[in-house]
Amino acid sequence: QVQLVESGGGLVQPGGSLTIACAASGSIFSIYAMGWYRQAPGKQRELVATIASDGTRNYADSTKGRFTISRDYAKNTVYLQMNSLEPEDTAVYHCNANLRVGINRPAVILWGRGTQVTVSS
């Protein structure tokens, strides 16, 4: 069974930094894109950043210049380095992955359960 597990969330002061990670485990044939999304209370889930298999990155306007997404292909892990954090960044951060579990299996999108990031003084 393939699963995505996030880690590294927590409480940070405004202007601070935090790095969160998401590791994919299980029987994986290939991972294409991986990404981070977030959901604040009472709001819809929104894109934070994505990274394709060729390393192409895409960021939401609200995170561009402050957040950096990176990927360790050998470890099937995606990271999100967050700098200059603002209270508006408070949310549950979920990762997802577009992957295949076998050469003859269709690509599917899996989600992790999320990690809480709270920005507050």
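The values are calculated or read from the model by the stated rules, or taken from the named source; none is laboratory data. As the structure is a computational prediction, the values presented were derived from the model and not from experiment. Reconstructed Cβ throughout: ideal geometry from the backbone, glycine too, with neighbour counts over all protein chains shown. Areas reflect the complete protein model, heavy atoms only, side chains present, ligands, DNA and RNA absent. Shrake-Rupley method; radii C 1.70, N 1.55, O 1.52, S 1.80 Å.
Could you tell me which numbered condition Leu47 fails, if it satisfies all but one of (1) out of contact with any Gly (no Cβ under 9 Å at 6 or more places or on another chain); (2) in a strand (DSSP E or B)?
So Leu47 meets the others, but not (1).
Return the total of residues in the stretch 18-38 being of a type in the set (S, T, N, Q), open to solvent by 70 Å² or more (accessible area, probe 1.4 Å) and within 18 Å of the chain's Cα centre (by Cα). Working first, answer last.
Start the filter on the stretch 18-38 by keeping residues that are of a type in the set (S, T, N, Q), which leaves 19, 25, 27, 30.
Those left that are additionally open to solvent by 70 Å² or more (accessible area, probe 1.4 Å): 19, 27.
The next check asks that each one be within 18 Å of the chain's Cα centre (by Cα); those that pass are 19.
Final tally of qualifying residues: 1.
If you check Val5 against the conditions, is it touching a residue at least 24 places away in the same chain (Cβ under 8 Å), open to solvent by 20 Å² or more (accessible area, probe 1.4 Å) and either touching a strand residue (DSSP E or B) at 6+ places or on another chain (Cβ under 8 Å) or closer than 23 Å to Tyr73 by Cβ (or both)? Steps first, answer last, please.
Details: touching a residue at least 24 places away in the same chain (Cβ under 8 Å): yes; open to solvent by 20 Å² or more (accessible area, probe 1.4 Å): yes; either touching a strand residue (DSSP E or B) at 6+ places or on another chain (Cβ under 8 Å) or closer than 23 Å to Tyr73 by Cβ (or both): yes.
Judged against the criteria, Val5 is a match.
How many residues, within the stretch 8-17, are crowded, with 17+ Cβ neighbours inside 10 Å and not in a loop (DSSP other than H, G, I, E, B)?
If we filter the stretch 8-17 for residues that are crowded, with 17+ Cβ neighbours inside 10 Å, which is where we start, we get 9, 12.
Those left that are additionally not in a loop (DSSP other than H, G, I, E, B): 12.
Summing the residues that are crowded, with 17+ Cβ neighbours inside 10 Å and not in a loop (DSSP other than H, G, I, E, B) in the stretch 8-17 gives 1.
Note down all Cβ pairs under 6 Å where the first residue falls in the stretch 87-113 and is more than 16 Å from Cys22 (Cβ to Cβ) and without any contact (Cβ under 8 Å) to a residue 12 or more places away in the chain, the second is surrounded by fewer than 17 Cβ atoms within 10 Å (Cβ to Cβ) and hydrophobic (A, V, I, L, M, F, W, C), and they're at least six residues apart or on different chains.
Close Cβ pairs satisfying both conditions: none exist.
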